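A.B. asks: The structure's right below; bear with me while I get my questions together.
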Amino acid sequence: MPLDIGDQTIALCNVAGELHALEGTCPHAGGPLGEGALHGTTLVCPWHAWEFDCRTGVNDFDPDVSVATFPVKIEAGEILIEIP
């Protein structure tokens, strides 16, 4: 699910009830990661199928390529994402 928080785009993933937030723009060509398919813990960019582990932000093909991840918690029914 894509979220716009201020000037930041975040991809929010729900993996078996556990929420993960990561940078929502693919470093390859700027694709919207939040609109990609989630396969287990792998988020697939809808533009060119680059894959990222939604827990770590690491690309499955090249571990030197990654997107930022952000801590997520649920408090009083609200989803809180800690963005620096």
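A.B. asks: Kindly indicate whether Gly40 is of a type outside the set (Val, Ile, Thr), at pLDDT 95 or above and buried (at least 19 other Cβ atoms within 10 Å of the Cβ). Walk me through how you get there before you give the answer.
C.D. replies: Working: of a type outside the set (Val, Ile, Thr): yes; at pLDDT 95 or above: yes; buried (at least 19 other Cβ atoms within 10 Å of the Cβ): no.
Spelling it out, it is not the case that Gly40 is of a type outside the set (Val, Ile, Thr), at pLDDT 95 or above and buried (at least 19 other Cβ atoms within 10 Å of the Cβ).
A.B. asks: Also, quick follow-up: Before we move on, is Glu78 surrounded by fewer than 15 Cβ atoms within 10 Å (Cβ to Cβ), in contact with a Pro (Cβ under 7 Å, 6 or more places away or on another chain) and on the phi < 0 side of the Ramachandran plot? Let's see the steps before the verdict.
C.D. replies: Numbers: surrounded by fewer than 15 Cβ atoms within 10 Å (Cβ to Cβ): yes; in contact with a Pro (Cβ under 7 Å, 6 or more places away or on another chain): no; on the phi < 0 side of the Ramachandran plot: yes.
Taking the combined requirement at face value, the residue does not satisfy it.
A.B. asks: Which of the residues spanning region 15-30 are on the phi < 0 side of the Ramachandran plot and exposed (fewer than 13 other Cβ atoms within 10 Å of the Cβ)? Please lay out each step first, then the result.
C.D. replies: Of all residues in region 15-30, those on the phi < 0 side of the Ramachandran plot come to 15, 18-29.
Of everything in region 15-30, those that are on the phi < 0 side of the Ramachandran plot and exposed (fewer than 13 other Cβ atoms within 10 Å of the Cβ) turn out to be Glu18, Ala29.
A.B. asks: Just checking, how many residues over region 21-52 are free of Cβ contacts under 8 Å to residues at least 60 places away in the same chain and closer than 11 Å to Ala68 by Cα? Before the answer, list the steps.
C.D. replies: Here is the first cut: in region 21-52, the residues free of Cβ contacts under 8 Å to residues at least 60 places away in the same chain are 22-52.
Subset that is closer than 11 Å to Ala68 by Cα: 22-27, 52.
So the answer is 7.
A.B. asks: Going by the structure shown, is Thr69 among the hydroxyl-bearing types (Ser, Thr, Tyr), under 9 Å from the mean Cα position of the chain (by Cα) and over 14 Å from Met1 (Cα atoms)?
C.D. replies: Values: among the hydroxyl-bearing types (Ser, Thr, Tyr): yes; under 9 Å from the mean Cα position of the chain (by Cα): yes; over 14 Å from Met1 (Cα atoms): yes.
When the stated conditions are applied, Thr69 passes them.
The values are calculated or read from the model by the stated rules, or taken from the named source; none is laboratory data. All values derive from a computational prediction rather than experimental measurement. Ideal geometry is used to build each Cβ from the backbone, glycine not excepted, and the neighbour counts take in all protein chains shown.
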